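These notes concern the structure reproduced below.
The values are calculated or read from the model by the stated rules, or taken from the named source; none is laboratory data. These figures come from a predicted structure and were not determined experimentally. Note that we place each Cβ from the backbone using ideal geometry, even for glycine, and neighbour counts take in every protein chain shown.
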Amino acid sequence: MINGQGLGDVSKLRYGLCPMSFNGCEVISVYNALQYIGKPQKLQNIAFFLEKYRMLLGFFGCNMFRLGKALEKFGADYERCDSVKGLPAFIVSFWTGKPFLSTVHTVFCVREKERICVYNRYNNCGTVKYAKKPEEIFGRHKPIVVYYIKK
């Protein structure tokens, strides 16, 4: 799993005009989901596929509403949902602050009993982070898009 997109070699890879440390969270979330379901792919292959869905030459990352295209392409069974409630594994995109006035971040998460493992939670954190409830991940705002990843 990739954690901390601003750390190590992954931070130097490019997606569109920028390094992945700036805009690679969507690509990394798909990578982590594929690792989880046992269908690993090279990060570069996922990035190349998602290039056609980049926003403003990749400056704003990938169109989060098109992540299902990559999941489908690489053989993941998924479903787009309105909520993360009860989902055992999911990709979620959310505003990092006030909607439309902040950046968007996308992470892959897995429920483990009483907690949620959040992969690539922060740009500079190389370990998995844990949340007790979904609101600790995306705040009080509704998630922008949720993909249930079926194992």
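Starting from residues that are of a type in the set (S, T, N, Q), touching a residue at least 24 places away in the same chain (Cβ under 8 Å) and buried (at least 16 other Cβ atoms within 10 Å of the Cβ), keep the ones in the stretch 1-51 and report whichever is nearest to Val145 (Cα to Cα).
Going through the qualifying residues, I end up with Ser29.
Residues that are in a strand (DSSP E or B) and of a type in the set (Ser, Thr, Tyr): does the stretch 84-93 have at least one? Before you say what the answer is, go through the steps one by one.
Taking the stretch 84-93 as the starting set, the residues that turn out to be in a strand (DSSP E or B) are 89-93.
Of the ones still in play, those that are also of a type in the set (Ser, Thr, Tyr) are 93.
So far as the stretch 84-93 goes, yes, one or more of its residues are in a strand (DSSP E or B) and of a type in the set (Ser, Thr, Tyr).
Quick test for you: out of Gly4, Gly68, pick the one residue that is among the small types (Gly, Ala, Ser) and outside any helix (DSSP H, G or I).
Numbers: Gly68 fails: outside any helix (DSSP H, G or I).
None of the other options fit; the residue is Gly4.
Looking at the stretch 7-52, which of its residues are assigned to a helix (DSSP H, G or I), over 16 Å from Thr106 (Cβ atoms) and polar (S, T, N, Q)?
Within the stretch 7-52, Ser11, Gln44, Asn45 meet the criteria.
Going by the conditions given, is Tyr36 hydroxyl-bearing (Ser, Thr, Tyr), out of contact with any Ser or Thr (no Cβ under 7 Å at 6 or more places or on another chain) and at pLDDT below 90?
On the way: hydroxyl-bearing (Ser, Thr, Tyr): yes; out of contact with any Ser or Thr (no Cβ under 7 Å at 6 or more places or on another chain): yes; at pLDDT below 90: no.
Taking the combined requirement at face value, the residue does not satisfy it.
Mind checking which residues of the stretch 96-117 are in a strand (DSSP E or B), out of contact with any Pro (no Cβ under 9 Å at 6 or more places or on another chain) and within 22 Å of Arg66 (Cβ to Cβ)?
Val104, His105, Thr106, Val107, Phe108, listed by residue number.
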